Structures are given as C-alpha cells and as structure tokens.
Amino acid sequence: MTQSHAPALPAGCAAVIVAAGKGLRAGQPLPKQFALWRGKPVLRHAVEALGAAGVSPIAVAIPEGADALVSKMLGGIADIVLVTGGATRQESVARGLEALAAHDPHTVLIHDAARPDCPPDVIARLVAALAGHPGAIPVLPVVDSMVIAREGLMEADAKREQLRRVQTPQAFRYADILAAHRAWQGAPEAGDDAQVLRAHGGTVALVDGDERLAKLTFKEDFVDQQASALPPVRTGMGYDVHRLAAGEELWLCGVRIAHDKGLAGHSDADVAIHALVDAILGAVAAGDIGQHFPPSDPQWKGASSDRFLVHATKLANERGYAIGNVDVTIICEAPKIGPHREAMRARLAELLNVGTEFIAVKATTTERLGFAGRGEGIAAQAIATLVRL
C-alpha cells in the first residue's frame, strides 16, 4: 500500500479502530475486517496506516473471544490495546475511548477497520482542523442527483450541493468526544461519532476526504481490488545443502531412496523439498524455511518435509497465488536420480495439488568437484513460478 507523505502529527494523538462487527455482506469466511486484502488482514492494513502516520496508542474494539486471533494478526505492532466491543458500533467506540483514558491523549481518531487504505495527508488535515473545532471529519462531494424516497416513491428533491459523503477516520479532541459519548448513554444509536459530538454541542469541521478511504463492504470489493493490486506472476528461488551420513534415511522430493548413506538434518533433511519451500516462500516474500520451521524447535525433529511444502503452498494461496510450475535441480554424484524422477514428480505434484506436467525434476553432478563431487553431501536448487488466483 503506497502512502503519501504528510507533516508529522503532534504528540498525544491516539486512535480507536472499530473491528467488532460481523461483516456478513462481504462474503468472506471471516468477518471482513479479518479477511485477507492485498495479502494481509484488512484490520492490519488499517492499524499499520494509522501507525505509519504517527498515531499511538491504538485501541482496537474486537468481537468477544477474538483476542488470540487478533493478537496473531497484529503480531509485531507495538502500542495496541485490545478492547471487547459492545452490541453496537457506538458502544464499541465508547469502550475504546475509555480504554485510552490511562494514556491521556489530546486527540483521538475514530476509524472503521473496513477502510484499510488511509492516506496520511487526510489524517494531517483532520488533526489541523481541530485547532478551531472539537471535531473534524473527511468528506467527499456527491456527484449524482439525489432524491428523498418514501415507500418506493420519490418524495422530493435533495440538493446535492448541500450533501457530502462522510468517511473515517473522524478526529476529535479526546476530552470532548469522551464527554459526548458518556452523555449519550441510553440514547438511540448514532450514525457516527460526529453526530454524538454535535448532540453534545460540539462543532464539526469538514475536510477533504480521499477515494482511497473507500469502505470494503461486498465480496466484489475484495476480489476486484485485491486482484488488481497483485502482479499476475511472481517467481522465487531456493537453494539448500545437507550432509550425507551413515545411518540416515535418504529422502528426496518426498521419496525415500535406498542408499548407503542418508541426509543429516533436524527434520528428514529432504534437501530438494527444502529448496522448493524456500522458492515458494520467496515468491510471496514470506521469509524462509528457517523462520517458519526453526531447527531449534524440537517439534520439527525428524519431521517430514512434506509438511513444510504444504504449509508454503497454503501461504501462497492465502496471498492470492497458485503454483504455476516448479523446477527442481538435484546436485549429487550418487545416487542416480533418473530411476526415481517420475516418482519424485508425482509426489511433488500431489503435495502441490497440480499436475505432473507442471513439475520438473532434474539432476546434475559437479564433475567430482567440491563436497558434492566427493560424496560428502547433496545440494538442490529450485525455482517456483506462482500465478495470480
């Protein structure tokens, strides 16, 4: 997500992000604020956008029981306060504001998690407007003709020159919006927080919004926007080496091969699959095999590398990509790979859930040069080409 530059915010600017809704209209397996959009959960985009603008701390109102899920989604982001949301948006905002009281902010932004792309220059305009008013909201003009409808019939014209489309984040002096929410308790549900402030006697300034603040609402918003943002093809490369040792099993491309030595490692040491896992992870910029399956973790002792490959493929799918084709080269003097090539292709195809026509397995030697030439170990390199789903 590309952000424009904006002036630094003054100290004491906090935020409440509302992420406690069900988001059912978006047609996602999770509430829309937790669904993937452009490779990351929508909520993480929203939090990162505010954090990049200098907003801290950020209170996030979430559904009851979602603490573990959200903590994982927001892993690595500092100054997050998780709050269990209420039955309505307004209750969730009120709880978020109360949670920020210990931090004593001067300014607070109240933002919908379903608006993941938040330009920092809009935030700067909002905060600047608070110098003259206790509240400020971003708006866009209405370009279509508008009417007032009643029971399916046009009742009257609406003057579009007097109308604006309201977005979030909305900015407020913290003390004013907190007092307004406390005074509103028990009243009917408000449309947004600007209405709460106005009902308490506060004025609300209007600043220019941005089309990038569009709210993700329907299934098409995820499919179309995510697809348009992803390149159609991505490529990654992997390389790995393991030592040959007596008394070990030899696994290559998920196939066990009879040999007088096997590959030594923390897992089953399938050097070919390890190289392929790194290639897939590299194609979607998801780190390397050591980050996902560290050799220091005892749970991976002797583990089948098949699991690593399935995990990498799942990550690629979650980020919007499928396997296009893979090309694996095994570098060794012995054993001979040719007799096992088709079994290797079939096993990799099974693990990657593609046809064997998309799997290449090759072998070469080093003309008896180096560790591979001396029979001390086996190396493998792999290239994975991923295509957009």
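The values are calculated or read from the model by the stated rules, or taken from the named source; none is laboratory data. What you are looking at is a predicted structure, and each value in this text was computed from that prediction instead of being measured. Methodologically, a virtual Cβ is constructed for each residue, glycine included, from the backbone with ideal geometry; neighbour enumeration extends over all protein chains shown.
Condition test on A322, is it over 21 Å from R256 (Cα atoms) and touching a residue at least 40 places away in the same chain (Cβ under 8 Å)? In short, yes.
Each row is one residue, and each column tells you yes or no for (1) within 36 Å of the chain's Cα centre (by Cα); (2) at pLDDT below 95; (3) closer than 19 Å to G265 by Cβ.
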position	(1), (2), (3)
S305	yes, yes, yes
A316	yes, yes, no
A346	yes, no, no
V354	yes, yes, no
G375	no, yes, yes
A379	yes, no, yes
T385	yes, no, no
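Once the stretch 291-302 is narrowed to residues that are under 23 Å from N317 (Cα atoms) and exposed (fewer than 15 other Cβ atoms within 10 Å of the Cβ), the residue that is modelled with the highest pLDDT is Q291.
For the stretch 321-369, filtering for residues that are polar (S, T, N, Q) and touching an Asp or Glu at 6+ places or on another chain (Cβ under 6 Å) leaves 1.
Out of all the residues in the stretch 258-290, which are part of a strand (DSSP E or B) and surrounded by 18 or more Cβ atoms within 10 Å (Cβ to Cβ)? Matches in the stretch 258-290: G262, L263.
Kindly indicate the residue of the stretch 1-44 that is at positive phi, among the small types (G, A, S) and modelled with pLDDT of 60 or more and also surrounded by the fewest Cβ atoms within 10 Å (Cβ to Cβ) among those meeting that condition. Looking at residues that are at positive phi, among the small types (G, A, S) and modelled with pLDDT of 60 or more, I get G12.
Residues of the stretch 139-177 that are out of contact with any strand residue (DSSP E or B) (no Cβ under 8 Å at 6 or more places or on another chain) and either surrounded by 15 or more Cβ atoms within 10 Å (Cβ to Cβ) or under 30 Å from L43 (Cα atoms) (or both): V143, A175. The residues of the stretch 197-212 that are closer than 22 Å to L178 by Cα and small (G, A, S), listed by number, are A199, G201, G202, A205. If I filter the stretch 303-315 down to residues being buried (at least 23 other Cβ atoms within 10 Å of the Cβ) and among the aliphatic types (A, V, I, L, M), which single residue comes out as nearest to P41 (Cα to Cα)? Only one residue tops the list, namely A312.
Of all the criteria given as (1) buried (at least 18 other Cβ atoms within 10 Å of the Cβ); (2) modelled with pLDDT under 95; (3) not assigned by TED's automatic domain parsing to the domain that holds P116; (4) not charged (D, E, K, R), the one not satisfied by L216 is (3).
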